[in-house]
Structures are given as C-alpha cells and as structure tokens.
Amino acid sequence: MTKILVIEDEIVVGEMISMYLTDEGFEVLRVETGRAGQEALSSFQPDAVLLDLVLPDIDGTDWCAAARRLSEVPILVISTKSKVVERIEALDAGADDYLCKPFSMQELKARIGAAVRRTKPTAIASGPDGPPPPEPAEPPSAIRMDLHKRQIFVDETPIETTFTEFELMKLFFEFPGRVFSRDELINTVRGIDSYVNDRAIDVHITNLRRKFEANPKEPRYLKTVWGVGYKLLLG
C-alpha cells in the first residue's frame, strides 16, 4: 500500500485530504507541524509527502530543502501561495510538484501516482513470481442498533456514543446505502447540537469511525462519498 505523509496544519483541509486518500486505498499519516513531519519522514517512511508551505513552526520551503538533503521521497507542495516566484522557490528547494489550493482531489491522486511511479517504478510491478498472495481476511464484524436501548453494538459489544452521534447513526441505519449530504446530516441534528456545521459533521463521522470501525483509516461501514457526503454500508 502506498504511504502518504500529509503535513497540513489546517485541520479541515488535512482531514478531507486524508479521508479522500484513505478511501482511495492509500495509507495516510497526517501531522500538523514541520517538526512532526521531520520525525514522520523517518519513522513512517512515506512513498510521497504532501506539504503545506505555511506551517506554525517551520517555513515549508525550508522544510522541503532540509528533507531533500535526507531523502529522495517525492514532495508535492499544496499551498494557497500562487505567485510564480513562490512556486519557483519551492521547486528549487526540492519539491517535485506544486498544487495551488483549492485543487481537484482526482488531480491530486493522479499527481501522487505520477510522482511515485517516477521514483519507484518497481512498485507497480508484480515481480518474477507474480503478485504476493493476499493476506487472510479477518472475519467481518457485525454492527447493529437497538433503538429502545439507544445503543450500537459491534459483535454484540456495546459502543458508547454521544446523543448527536446516535442520531446520525439512526438516520444511516434507517436508509443503509443511501448517500447523505452534509446539509442533510446537519438538518438531522439541528436543535440537538446548536453548533453543528460542516466541520462538526466531519468530526462526528471521524469519532464514530474510531468507535466502531476495525480500521478507521479504511472504514468498512461508514464510507465517504467524495464531494457529496457519507453513507452506511451493512452486511
């Protein structure tokens, strides 16, 4: 699995990129500071780095130059800085590509793929003996809801949820497989959570995944439908 390190201190942007790439089959680690990114470059050993130039502790261009002295990992800058001189500075510092925010997630994925192929062409090869055998699949877990007890169970283990989280899940369970936009989810909990907004919905979804998904980064049940919203898959 291709590993992507996302260095982005803007929480909403970072989480949206991470969720999209995770749903597309990447292994993603997101950090919010340049220093944490330096540590992750060594410990996580990513196949590519997405780097915001505006970080709270280190200038992104300086981070790029320092990383390039240590590693050949592809670095794709993602930034609101759009001036030609700023792009040139980043590329001169060692960046492999530069995307100005806002950008298309599909284009981001394509550019990541191109960068990884340039540096690791053997990554897409099967090898002399063909592709490795798939790892044994873990037995699927079962998720259910008890409306009377206001409880969600995973393999008969109760999962604690907040009132708002339960109301969201109740809607998902009522219409499994249907894609709900963030506005629809906001309307569901409006009046319960007076501070609910797009960002709050994303946080609730992230928290729910942490509570009942075996691997929150690769959710089996609560799926993101990019550009639309979320849906629940059962069975």
Q: Provide the percentage of antiparallel DSSP beta bridges, counting only those with both residues in the chain; round to the nearest 5.
A: 45
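Tally Lys and Arg at +1 and Asp and Glu at -1 over the other residues with C-beta under 14 Å from the C-beta of Ala95: what net charge comes out?
Values: positive: Arg68, Arg69, Lys81, Arg87, Arg111, Arg118; negative: Asp52, Asp59, Asp62, Glu72, Glu86, Glu89, Asp92, Asp96, Asp97.
Local charge sum for Ala95: -3.
Using the crude model of +1 on Lys and Arg Cβ and -1 on Asp and Glu Cβ, and no other charge, please compute the dipole size for the chain relative to its Cα centre, in debye to 20.
Numbers: 29 positive and 38 negative charges, 86 e Å.
With only Lys, Arg, Asp and Glu charged at Cβ, the dipole is about 420 debye.
How much FRET efficiency would the formula 1/(1 + (r/R0)^6) give for Phe103 and Glu160, where r is the Cβ-Cβ distance and R0 is 41 Å, rounded to 0.05?
Details: r = 38 Å, r/R0 = 0.92.
E(calc), rounded to 0.05, equals 0.60.
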Q) Mean separation of Cα pairs under 8 Å and 6+ residues apart, divided by the residue count of the chain: what relative contact order is that in percent? A) 15
Q: Classify segment 143-232 as rounded, prolate or oblate, taking a ≥ b ≥ c as the square roots of the eigenvalues of its Cα gyration tensor: rounded when a/c is under 1.5, otherwise prolate if a/b is larger than b/c and oblate if not.
A: oblate
Q) How fast does the chain diffuse by Stokes-Einstein, in µm²/s, taking the Kirkwood radius from C-alpha pairs at 10 °C and 1.306 mPa s? A) 81
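How do Met19, Met105 rank when sorted from fewest to most other Cβ atoms within 10 Å of their own Cβ?
Details: Met19 23, Met105 17.
Ascending number of Cβ neighbours within 10 Å: Met105, Met19.
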Q: Using +1 at the Cβ of each Lys and Arg and -1 at the Cβ of each Asp and Glu in segment 143-232, identify which of Ser181, Phe153, Val228 lies farthest towards the dipole's positive end.
A: Val228
**Q.** Where Cα atoms sit under 18 Å apart: lysine pairs in segment 143-232 separated by 8 or more or lying on different chains
**A.** 9
Q) Under 25 Å from the Cα of Lys83, which lysines turn up, not counting those fewer than eight places away in the same chain? A) Lys101, Lys109
Q. When the helix-only estimate is applied to the chain (DSSP H runs of n ≥ 4, each -39,500 (n - 2.57), divided by the residue count), what is the mean residue ellipticity at 222 nm, nearest 500 deg cm²/dmol?
A. -12000 deg cm²/dmol
(Q) Please arrange Leu108, Leu91, Leu5 by how many other C-beta atoms lie within 10 Å of their C-beta, fewest to most. (A) Leu91, Leu108, Leu5
**Q.** Folded to 0 to 90 degrees: helix 11-23 orientation relative to the chain principal axis, Cα
**A.** 80
Q.
At a threshold of 8 angstrom on Cα-Cα distance, excluding pairs fewer than six apart, so keeping six or more, what relative contact order does segment 3-124 reach in percent?
A. 22
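Readers should treat all values here as calculations from the given coordinates under stated rules, not as data from a laboratory. Note that the structure is a prediction, hence the values are computed from the model and not measured. All Cβ positions, even for glycine, are placed from backbone atoms using ideal geometry, and neighbour counts span all protein chains on display.
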